[in-house]
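The values are calculated or read from the model by the stated rules, or taken from the named source; none is laboratory data. Bear in mind the structure is a predicted one, so any value in this text is a computation, not a measurement. Positions of Cβ are backbone-derived with ideal geometry, glycine not excepted, and every protein chain shown enters the neighbour counts.
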C-alpha cells in the first residue's frame, strides 16, 4: 500500500534560490520535450528519455539537476499526455497539452529511488545537487520510502511529500455497522444516535476574508503592498482549509476505528449547489461541508 507523508521543510534563502533554479530548469526541459513531441508525434516515452541525454551535451545547465529528477520530468509529461488522451476517449472536448509559460506553472521537484536521504538524528533532508534542509519530522515514517516531492505552497511555505510503501495492518474487528446522514447543522448524525455538530469554519472566517479582499482591491496590482495583502488572503484561506481538514480527518478516523461497515446516503452535491431554490448561505455551507472529501477519507483510511 502506498501512503504519503507531508513534512514542513525550512530551506535557507540560498537553498530556496537553488530549488527555484532547479524548478526553472525542469520547466525548460518539460517544454523542450513537449516541443519535440509536438514536432514529431511518433516519438514514444523512450525516445524523449534519450533526448534528455543528448540535450545535456548542448545545454550543460541540465547537469545542475539530479538525473532522476530530469527523468521524472519526462514521466510527468507522458502522464499528462495519457490523462489528456483518456479525457478525449471519454468524450470531453480538450485541446493540446500546454507549455509551462512561467516558473509558477512548474511547482514540484521529484526524486525516486535515489538522490535523497533522511538523517533522523540531525533532522535534515539531503537532496542531491541541492543540499541539506532542516525538516520537521512530527511523526515516524513507516515502510520503504519510494520517492520524495518538494513543493512550495502559495503561502510561501516549503513541504516534502514522502511516498512510502508499507504493509497494511487491518484494524481489529468490531462487528459493528453504522449508517451516517450528512447535513448542515448536524454535520453527521448516525444510526447509533451520535450527532457531530458542523463547526461551520467559513462563518467564523468570512468577515476576515471580506475585509482582506476589500483591502486588496484598493492596492495597485503588482505592487509590493498588493503582494503582501494577497499573501494575507492566502494565509486566511490556508488556515480555513487546515481547520476543515483537521475536523474531517478526526471524524473519519473515529468511524473507521469503531465500525466495520459504514453506510452513507448517495449525495448529488453538484445538483444541490446548482439548485436555484437554495439560498446563497445554504450553498456556502454545502460547499464548506466538504462532504465528498469526508467520504473519500472514509474510503482511503
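Here are the numbers for the structure shown:
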| quantity | calculated |
| --- | --- |
| Selection count where residues are under 19 Å from residue 106 (Cα atoms) and without any contact (Cβ under 8 Å) to a residue 24 or more places away in the chain, scope region 1-27 | 1 |
| Scan of region 1-39 for residues that are out of contact with any helix residue (DSSP H, G or I) (no Cβ under 8 Å at 6 or more places or on another chain) and more than 23 Å from residue 149 (Cα to Cα), ordered by number | 35, 38, 39 |
| Filter result (in contact with a strand residue (DSSP E or B) (Cβ under 7 Å, 6 or more places away or on another chain), in a loop (DSSP other than H, G, I, E, B) and within 30 Å of residue 114 (Cα to Cα)) within region 159-196 | 166 |
| Filtered residue count, region 76-135, keeping only those that are within 14 Å of residue 23 (Cα to Cα), in contact with a helix residue (DSSP H, G or I) (Cβ under 7 Å, 6 or more places away or on another chain) and assigned to a strand (DSSP E or B) | 3 |
| So residue 248, is it out of contact with any strand residue (DSSP E or B) (no Cβ under 6 Å at 6 or more places or on another chain), farther than 30 Å from residue 20 by Cβ and surrounded by 16 or more Cβ atoms within 10 Å (Cβ to Cβ) | yes |
| Check on residue 205, modelled with pLDDT of 95 or more and either touching a helix residue (DSSP H, G or I) at 6+ places or on another chain (Cβ under 6 Å) or in a helix (DSSP H, G or I) (or both) | no |
| Region 209-245 - residue that is outside any helix (DSSP H, G or I) and in contact with a helix residue (DSSP H, G or I) (Cβ under 7 Å, 6 or more places away or on another chain) and, of those, surrounded by the fewest Cβ atoms within 10 Å (Cβ to Cβ) | 220 |
| Filter result for residue 25 (touching a strand residue (DSSP E or B) at 6+ places or on another chain (Cβ under 7 Å), modelled with pLDDT of 90 or more, assigned by TED's automatic domain parsing to the domain that holds residue 137 and assigned to a helix (DSSP H, G or I)) | no |
